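These notes are about the structure you will find just below.
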Amino acid sequence: MIKSVGEMLEALRQTEAAKLGEHGIRHASTIGAMYEGLTRSLLNRTFPASMALQVVSGFVVDGYGASSGQIDCMLVRGQGRSVPYVPDVYEWHVRDVIAAFEVKKNLFGSELADAHDQLLQVAKVYSSWVQRAEEGNKFYLGPSLRAFSECTGRVLPSTGPESDMDSADRLIWHTIMTDQISPIRIVLGYGGYSTEYELRRGFLRFLDANLNRLGFGAPSLPNLFIAKGASLVKMSGHPYCAALDVNGWWPLVTSTHHNPIQLILELLWTRISHYHSIVPWFGEDLEVERLSPLIDAKPQERSPGSTEWGWQYRGWQLTAEQLSDAPSTFPWQPVELDLNRYIVVDLLCREESLSATDPRVLSLAEEAGYDAEHFLSSLVETSLVARDGNRLVLTTVECRTVILPDGRLIAADDNTRRLTRWLERYMSDREDVAQGA
């Protein structure tokens, strides 16, 4: 469903944007309003009326006096308050803002900086509200706990003080958690950078010009930047996620020339799935966006021994040829396992956890020819397993293990029935080959 709806809306976006570009209007505010209106029209076509969501323009407020600047488009729930004597402009409490869009006719360097600053105000309003909200205001953080486990290979307790974490983990956790519960922030440019290579260069220049400034750490960056020919995607776990490398670098921002409307839908529908049951809307979901690394981030002391921590960034330099030659998607595949790791994952599917010193685990490690720590690390590298101190646990919601007819051993999360659909296609293709033979 996401793919088919995304393709339809992207075709509509391109057609209508081309029509707007043919108008002879030169008034900047009117031009901006035209593209904002187009964006609202697209979003209004995305969700069924039963979800009771609205697309509005206005200000994000925290109920304590803090307010953002005027936001071009907001996807909201609940009720807002009309701004007196200004038609169709609202004040909307930040807790009920699902996503905020900053819309640009063209997205180049100056517009990119302006959009970032405008959406940063939304993040600040949210932070202001969370810090002052009533004590009874609780959030379900299950998606963030799973994302943290997938990124780091470690488990955080579902309850407990953040002070128990080390400083690096606390920064990563804060980024993942914030991007689950605060408004999704999207920069939507209808024109601008025409290639993935140009957008990457523009963003690197923008970030380089603002290093060591407040408001440019990992939690403050928008979730998605879209220009004419490419997009930048933040990998903070909802739904896009990437694991830390062996040196602690976290792939934080990636680029793609995949359908940008589908990227928006993935972000929005993942968030809405926390409120509504929308599994059927994900469709076959058997293609994965190709995402090329752009910015890696690493929590870092501001100086040796300092109690203040920030973010260190490093950029990836990929050529225009490397980016343009890469396909925009590739087929999704379950994790293929050797027998010993398969047995451990299968045990975890049946038991809540396993001790790292469980004789069964140690025996499987020895049988595989690994020392115990190497074997445990290889399990974590699958992203299906994480370590909770001395325990092994699954990072998935509904893990399934399967022995294929060709002898391969696979496993994957089947919470959206993606593995089930993959198996149905696999068996159908296998049957077609057999009949053709």
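The values are calculated or read from the model by the stated rules, or taken from the named source; none is laboratory data. These numbers were taken from a predicted model, which means no experiment stands behind them. We place every Cβ from the backbone using ideal geometry, glycine too, and count neighbours over all the protein chains shown.
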*Out of (1) among the hydrophobic types (A, V, I, L, M, F, W, C); (2) crowded, with 17+ Cβ neighbours inside 10 Å; (3) within 22 Å of Trp309 (Cα to Cα), what's the single condition that is false for Leu211?*
(2)
*From Met177, Met165, which residue is closer than 24 Å to Asp96 by Cβ and free of Cβ contacts under 8 Å to residues at least 40 places away in the same chain?*
Met177
*State yes or no: is Gly215 in a loop (DSSP other than H, G, I, E, B), on the phi > 0 side of the Ramachandran plot, small (Gly, Ala, Ser) and out of contact with any Asp or Glu (no Cβ under 6 Å at 6 or more places or on another chain)?*
yes
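Is at least one residue of the range 252-259 surrounded by fewer than 18 Cβ atoms within 10 Å (Cβ to Cβ) and either within 22 Å of Lys105 (Cβ to Cβ) or out of contact with any His (no Cβ under 6 Å at 6 or more places or on another chain) (or both)?
No, the range 252-259 contains no residue that is surrounded by fewer than 18 Cβ atoms within 10 Å (Cβ to Cβ) and either within 22 Å of Lys105 (Cβ to Cβ) or out of contact with any His (no Cβ under 6 Å at 6 or more places or on another chain) (or both).
Condition test on Gly202, is it within 24 Å of Val125 (Cβ to Cβ) and either in a helix (DSSP H, G or I) or in contact (Cβ under 8 Å) with a residue 12 or more places away in the chain (or both)?
no
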*asked:* Cβ-Cβ under 9 Å, sequence separation 6+ or interchain: first residue in the range 88-109 and part of a helix (DSSP H, G or I), partner basic (Lys, Arg) and surrounded by fewer than 17 Cβ atoms within 10 Å (Cβ to Cβ). Which pairs?
replied: Asp96/Arg77; Gly109/Arg205
*Among the residues of the range 290-319 satisfying the criterion of being in a strand (DSSP E or B) and hydroxyl-bearing (Ser, Thr, Tyr), which is nearest to Cys241 (Cα to Cα)?*
Ser292
_Restricting to the range 49-108, give me the number of residues that are within 16 Å of Pro222 (Cα to Cα), acidic (Asp, Glu) and out of contact with any Phe, Trp or Tyr (no Cβ under 7 Å at 6 or more places or on another chain)._
1
*Does Asp346 satisfy the criteria of being over 31 Å from the mean Cα position of the chain (by Cα) and under 29 Å from Val288 (Cα atoms)?*
no
*Kindly provide the set of residues from the range 60-79 that are surrounded by fewer than 21 Cβ atoms within 10 Å (Cβ to Cβ) and either closer than 16 Å to Val125 by Cα or not assigned by TED's automatic domain parsing to the domain that holds Ala115 (or both), ordered by number.*
Gly63, Tyr64, Gly65, Ala66, Ser67, Gly69, Gln70
